[in-house]
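Engineer: Provided herewith is a single structure, encoded as structure tokens, for subsequent inquiry.
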Amino acid sequence: MNILFTVQASQSEFDRPNETVSVVVGKRALLPCYVSLKDVKNNGTDSFKILWMKVNNSAVLTVEDRAINGDSRISILHAYADEWNLQIDEIDEDDAGIYRCFINSGSFKTLQLDVKVPPKIIDDLTTVPYPSPILAGSNFTIKCYAHGKPTPKVRILSYDHSDNVKVISEQNEVTIYNVSRSTSHRYECIASNGYPPDVARSFQITIQYPPEVILSINEEIITNLLFINSNYDEIRLKCQVTMSPFGKIHWMKDSKRVNSNYQVYHIKNYIISEIIIKYLTNDYQGQYTCIASNPYGMNSKSIQILSLPATTTNRNTLRHKRPKHTRLTTVSYSTENLRMITLSSKSINNTYQIILLFCLLITVVYFK
């Protein structure tokens, strides 16, 4: 189809010579073209034809009120004699560009169609929602890239264990150094450009670390050596372990593995292994060790348990025969002081050393 126009300097036939129209992708665009019939007649044109063209690719879109490019989205709105508006449905990014409304006299109006695009996450450049597990002590980089027009702004947020939120970066990437068990496990990226909806992606990271062990007796955290008074009805020896991934837990008594008489259960993020001693005979005395392991390491804690004679008062009074050169001395020790005595577990390895410790406690009364 050959259409020839002679472009004239006068643009008085149009309401305005230039205009910009902005529309969000997926919506309908209306490009206005108002022709002054009076000016057209004054210019010596009694009858005229309107043509729409996209300048970027020189494609003729309509002639008069007919679409001729085969695109069903395009139509002419000609409700009034002086209106020749171009309508484009379901706008996409490729529709952006420069359009002209021509009169066959050669005059034209230029319109810039600016297509706005809400943000969208670029999957190939962005961290996946559930990345591979991260080993404690290593570094981890979160990446978040988004496409849109205008270019989206990115914020990366972290959530602590109480779901308190904090912005940690306004860049596309952020590196978390030396991750540990206490490092936040949940992050979120939000991209926005002023044209909703904003888009977000959450990241849930898994941190792997070797076991951490805490020992307690009757809910009281202990360290190395413990004397237990025989007035106790029972002893609850508890081993609290946190590790990722979950591994194995077992007990040793002295040099033998304990294969029964203990239970294992979960509380929140901890594994609890508990030995309950109900009959306090001499057999329960000795060194108890809780050992936990997973693919990233092993950890253990030990406790030496020793029975003391039963008492019916709150104080134990020890009397000793005085030598000829000294006077009789009475030294009192509270049951509580005897019950909790902390020594290095490495220095107490057998029953002989424990007996020696008692001897030292008794002989101290001879020195004033």
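The values are calculated or read from the model by the stated rules, or taken from the named source; none is laboratory data. The shown structure was predicted, so the numbers you read here are calculated from the model rather than taken from an experiment. Counting neighbours? That spans all protein chains shown, and the Cβs are built from the backbone with ideal geometry, glycine included.
Engineer: Which ones in segment 137-168 are farther than 30 Å from residue 23 by Cα and in a loop (DSSP other than H, G, I, E, B)?
Structural biologist: 137, 138, 139, 160, 161, 162, 163, 164
Engineer: Still on this structure: Being in a loop (DSSP other than H, G, I, E, B) and charged (D, E, K, R) is the filter here; which residues of segment 65-118 pass it?
Structural biologist: If the condition is that a residue be in a loop (DSSP other than H, G, I, E, B) and charged (D, E, K, R), then 65, 71, 73, 82, 89, 90, 92 are the ones that fit.
Engineer: Follow-up question, since we're still on this one. Residues in segment 49-66 that are under 52 Å from the mean Cα position of the chain (by Cα) and among the basic types (Lys, Arg): how many?
Structural biologist: 1
Engineer: Right, next: How about segment 250-291: which of its residues are aliphatic (A, V, I, L, M) and part of a strand (DSSP E or B)?
Structural biologist: Within segment 250-291, 252, 258, 264, 267, 271, 272, 275, 276, 277, 291 meet the criteria.
Engineer: Considering each residue of segment 83-103, count those that are surrounded by fewer than 22 Cβ atoms within 10 Å (Cβ to Cβ), more than 16 Å from residue 70 (Cα to Cα) and touching a Ser or Thr at 6+ places or on another chain (Cβ under 8 Å), and give that number.
Structural biologist: Counting residues in segment 83-103 that are surrounded by fewer than 22 Cβ atoms within 10 Å (Cβ to Cβ), more than 16 Å from residue 70 (Cα to Cα) and touching a Ser or Thr at 6+ places or on another chain (Cβ under 8 Å) gives 2.
Engineer: Please determine whether any residue of segment 333-345 is loosely packed, with under 14 Cβ neighbours inside 10 Å, modelled with pLDDT under 85, over 40 Å from the mean Cα position of the chain (by Cα) and under 30 Å from residue 182 (Cβ atoms).
Structural biologist: yes
Engineer: Which one is surrounded by the most Cβ atoms within 10 Å (Cβ to Cβ), of the residues in segment 119-136 that are over 16 Å from the mean Cα position of the chain (by Cα) and not in a loop (DSSP other than H, G, I, E, B)?
Structural biologist: Out of the qualifying residues, it is 119.
Engineer: Right, something else. I'd like the full set of residues that are β-branched (Val, Ile, Thr) and either assigned to a loop (DSSP other than H, G, I, E, B) or surrounded by 15 or more Cβ atoms within 10 Å (Cβ to Cβ) (or both), limited to segment 169-213.
Structural biologist: 174, 176, 179, 183, 190, 199, 205, 206, 207, 213 - these are the residues of segment 169-213 that are β-branched (Val, Ile, Thr) and either assigned to a loop (DSSP other than H, G, I, E, B) or surrounded by 15 or more Cβ atoms within 10 Å (Cβ to Cβ) (or both).
Engineer: Among the candidates 35, 115, 55, single out the residue that is in contact with a helix residue (DSSP H, G or I) (Cβ under 6 Å, 6 or more places away or on another chain) and of a type in the set (Val, Ile, Thr).
Structural biologist: Just a single option satisfies the conditions, and that option is 115.
Engineer: Filter segment 133-163 for residues that are polar (S, T, N, Q) and free of Cβ contacts under 8 Å to residues at least 40 places away in the same chain and give the result.
Structural biologist: Result: 141, 158, 162.
Engineer: May I ask you to list the residues in segment 111-163 that are modelled with pLDDT under 95 and closer than 30 Å to residue 24 by Cα?
Structural biologist: Once the filter is applied, which keeps residues that are modelled with pLDDT under 95 and closer than 30 Å to residue 24 by Cα, segment 111-163 yields nothing.
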